[in-house]
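S.K.: Structure incoming, see below.
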Amino acid sequence: MDTEHGSAIAGTAEKAAPTRVPAPAPPRVFLETYGCQMNVADSELVTGILRRGGYEATGDPADADVILLNTCAIREHAEERVLGRLSDLLRHKHERPSVQLGLLGCMATHQRERLLDRAPYLDVIVGPDGYRDLPALLANGVDPQIEVRLDRGETYADLEPDLGPGPRAWLSIMRGCDKFCTFCIVPFTRGRERSLPPDAVVQHVEAAVAAGKREVVLLGQTVNAYRADGVDFGELLRRIARVDGLERIRFTSPHPSDVTPSMIAAMAEEPKVMPYLHLPLQSASDPVLERMQRGYTIDDYRHLVAELRRRIPDLAVSTDIIVGFPGESDDDFAATARWLDEARYDFAYLFKYSAREGTKAYRLDETVSEDEKGRRLKRLIDRQEEISLERNRAWLGREVEVLVEGPAKRPPGHAVGKARTWKTTIFPAAEVEAGATVRVRVESATAHTLAGRPA
Ligand code: 5AD
Ligand code: SF4
């Protein structure tokens, strides 16, 4: 299967003795990632596993022997996108029947039975706890190979991921979720909560720094529920802050119920922990929060944000909100709309409720029509855009410290990076040095970006 590919690397064959048979080119893998940052980190893990299993990564499906999609099941729309993309990629298998097509991640667990009806051409279907077996499953060939069992012990702590480009590393520190919010499929697709040992986390951070990373983002579905070997999330932040050469620590996503004094103190006292918090709210109406089984009231949440803002100067805060949860009345929605004005988030991810089979809420009657969900969503988006703009404009004339990621897409001659608050910031730069930290005086702002000049 590699004869054509072989010629592509013929340039390197000149050095080999003419009598020696050239080694076959390693099989190539194309891996595309959907969904959350956790999936991005999982894809880096999978890339590492497959590289050690003798595979080579390619960015072009037309050039691949194995095509994998790492998928998301959080909303119906996410699953539909993947199914559409799969039938599109199927053409490579028609052209080259030896190509193996695989589906990884949350959809694999969620859709396990149905997947082979909808996509009978799949060669492998592997859930989030089965990635170690991927090389073996791919080698088995013939019949579709399915590994969607959840494993409450699997953390992949011993495996080094193949980190992507840029100055930032995304590192999983815990997996799974025990919260069972009634709308959410994650506890079913990713299984029970488990944390990597703190020593393993520190090792991964050290390896990332040795590979040139300046910033780490610690990942977990409820990242601040982290606990292992007697170390809680606050203590873990402090341990990571001691890693030399590391400049910035971030994490996502924390759950409000797991915000502890230890975590707040570490954020307030460790200069390497960035002043930014993504704190998913979901709804500002207590009856809705109750039916979602979120474990807090809006008053609990309000006090939490006030305390965090009191302790951490210039803290930026973002959130997730769902509109149209079953039973969400006009009054419930009005409470959430009012809350945006009180909370003044720096930005927000706003979603229409999507019923997920297998969750508790799936059995509730949907009382909010799609049209009404759309209207509610638009109202929140419009208001939040105004607030985001005001929050960004508050930085005009001030200096921000930007960790440079690379050249900005536009305008030409500019560099882009993140301020400490996670705000995307652009500035003119003749030469762009990814990983450098530049102080920028903010001169203009949109709802999504700050712009300025090196101070
Ligand atoms: N429908 C809509 N949004 C959802 N989320 C999780 N499950 C659903 C669902 N069934 C949102 C929540 C969560 C974010 C990652 O996705 O807001 O915080
Ligand atoms: Fe889903 Fe709730 Fe767990 Fe977040 S905390 S992953 S919303 S069940």
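The values are calculated or read from the model by the stated rules, or taken from the named source; none is laboratory data. Note that the coordinates shown come from a computational prediction; the quantities given were computed from them, not determined experimentally. Here Cβ is always computed from backbone atoms with ideal geometry, including for glycine, and neighbour counts include all displayed protein chains. Quick note on the areas: whole protein, heavy atoms, side chains included, nothing else; ligands and nucleic acids left out. Shrake-Rupley method; radii C 1.70, N 1.55, O 1.52, S 1.80 Å.
S.K.: Report whether or not Gly435 is on the phi > 0 side of the Ramachandran plot and not acidic (Asp, Glu). Walk me through it before giving the result.
M.R.: Values: on the phi > 0 side of the Ramachandran plot: yes; not acidic (Asp, Glu): yes.
In short, yes.
S.K.: In the range 392-433, what residues are open to solvent by 60 Å² or more (accessible area, probe 1.4 Å), out of contact with any His (no Cβ under 8 Å at 6 or more places or on another chain) and either modelled with pLDDT of 95 or more or of a type outside the set (Gly, Ala, Ser) (or both)?
M.R.: Our first condition is that a residue be open to solvent by 60 Å² or more (accessible area, probe 1.4 Å); within the range 392-433, this holds for 393-394, 396, 398-399, 405, 407, 409-410, 412, 420, 430-431, 433.
Among the residues that remain, those that are also out of contact with any His (no Cβ under 8 Å at 6 or more places or on another chain) are: 393-394, 396, 398-399, 405, 409-410, 412, 420, 430-431, 433.
Of everything in the range 392-433, those that are open to solvent by 60 Å² or more (accessible area, probe 1.4 Å), out of contact with any His (no Cβ under 8 Å at 6 or more places or on another chain) and either modelled with pLDDT of 95 or more or of a type outside the set (Gly, Ala, Ser) (or both) turn out to be Arg393, Ala394, Leu396, Arg398, Glu399, Glu405, Lys409, Arg410, Pro412, Arg420, Glu431, Glu433.
S.K.: Considering only the range 56-85, how many residues are crowded, with 17+ Cβ neighbours inside 10 Å and more than 17 Å from the chain's Cα centre (by Cα)?
M.R.: Residues that pass the stated criteria total 8.
S.K.: Mind checking which pairs have a first residue in the range 169-195 that is closer than 16 Å to Tyr156 by Cβ and within 9 Å of ligand 2 (Cβ to nearest atom) and a second that is assigned to a loop (DSSP other than H, G, I, E, B) and open to solvent by less than 10 Å² (accessible area, probe 1.4 Å), Cβ under 6 Å, 6 or more apart or different chains?
M.R.: Pairs found: Gly176/Gly191; Arg190/Pro128; Arg190/Gly176; Glu193/Gly176.
S.K.: May I ask you to list the residues in the range 180-213 that are in contact with a Pro (Cβ under 7 Å, 6 or more places away or on another chain) and surrounded by fewer than 19 Cβ atoms within 10 Å (Cβ to Cβ)?
M.R.: Result: Phe180, single match.
S.K.: Considering only the range 277-285, I want to know if a residue exists there that is open to solvent by 30 Å² or more (accessible area, probe 1.4 Å) and either touching a Phe, Trp or Tyr at 6+ places or on another chain (Cβ under 8 Å) or not aliphatic (A, V, I, L, M) (or both). Spell out how you get there, then give the answer.
M.R.: Pass one, the range 277-285, residues open to solvent by 30 Å² or more (accessible area, probe 1.4 Å): none.
No; the residues of the range 277-285 include none that is open to solvent by 30 Å² or more (accessible area, probe 1.4 Å) and either touching a Phe, Trp or Tyr at 6+ places or on another chain (Cβ under 8 Å) or not aliphatic (A, V, I, L, M) (or both).
S.K.: Condition test on Val46, is it in a helix (DSSP H, G or I), away from ligand 1 (no atom under 16 Å from the Cβ) and open to solvent by less than 20 Å² (accessible area, probe 1.4 Å)? Break it down into steps so the answer makes sense when it comes.
M.R.: On the way: in a helix (DSSP H, G or I): yes; away from ligand 1 (no atom under 16 Å from the Cβ): yes; open to solvent by less than 20 Å² (accessible area, probe 1.4 Å): yes.
Here the answer is yes, as Val46 does meet what is asked.
S.K.: Given the conditions (1) more than 16 Å from ligand 2 (Cβ to nearest atom); (2) open to solvent by less than 70 Å² (accessible area, probe 1.4 Å), which single one is not true for Thr367?
M.R.: (2)
S.K.: With respect to Ala434, is the statement that it is part of a loop (DSSP other than H, G, I, E, B), among the aliphatic types (A, V, I, L, M) and touching a Pro at 6+ places or on another chain (Cβ under 7 Å) true?
M.R.: Numbers: part of a loop (DSSP other than H, G, I, E, B): yes; among the aliphatic types (A, V, I, L, M): yes; touching a Pro at 6+ places or on another chain (Cβ under 7 Å): yes.
Yes.
S.K.: Could you grab me the full set of residues in the range 87-109 that are surrounded by fewer than 21 Cβ atoms within 10 Å (Cβ to Cβ) and in a helix (DSSP H, G or I)?
M.R.: Of everything in the range 87-109, those that are surrounded by fewer than 21 Cβ atoms within 10 Å (Cβ to Cβ) and in a helix (DSSP H, G or I) turn out to be Ser87, Asp88, Leu89, Leu90, Arg91, His92, Lys93, His94, Glu95.
S.K.: Considering Leu218, Leu277, which residue is more than 17 Å from Leu304 (Cβ to Cβ), within 16 Å of ligand 2 (Cβ to nearest atom), within 19 Å of the chain's Cα centre (by Cα) and at pLDDT 95 or above?
M.R.: Details: Leu277 fails: more than 17 Å from Leu304 (Cβ to Cβ).
Within the list Leu218, Leu277, the selection yields Leu218.
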